[in-house]
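The values are calculated or read from the model by the stated rules, or taken from the named source; none is laboratory data. Computed from a predicted structure; not experimentally measured. Because the Cβ atoms are built from the backbone with ideal geometry, glycine has one as well, and the counts that use them run over all protein chains shown.
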Amino acid sequence: MISLIASSCSVRRFLPKGERLYKGATVKVVKGKDVKASTGSLRREIKKVARPKSNTIILGQPYKVWWWYVI
């Protein structure tokens with residue numbers, strides 16, 4: 001019952017055609033042969049400064065985006 005209620009409030013039905021929800025950045029670092037440093041710390045630092053930040057999710061839904069389109 002709860003899943004039915006939560007799915008009926010899906011924000012996707014409010015989005016204009018051709019638009020998508022932003023779910024965060026993906027960082028892929030390709031290390032050259034002569035680089036000896038770890039890419040893990042570099043990847044974490046890049047993700048910290050990625051813009052825009054992804055939406056906060058509650059019960060599987062980005063509630064602020066839903067609220068924006070409902071009003």
I'd like to verify a number: residues in segment 1-30 that are surrounded by 11 or more Cβ atoms within 10 Å (Cβ to Cβ), more than 18 Å from the chain's Cα centre (by Cα) and modelled with pLDDT of 75 or more, how many? 0
Enumerate the pairs (first residue in segment 23-35 and closer than 18 Å to GLU45 by Cα; second residue anywhere and of a type in the set (A, V, I, L, M, F, W, C) and exposed (fewer than 10 other Cβ atoms within 10 Å of the Cβ)) with beta-carbon separation below 9 Å, excluding pairs fewer than 6 apart on the same chain, so at least 6 apart or on different chains. LYS31/ALA37
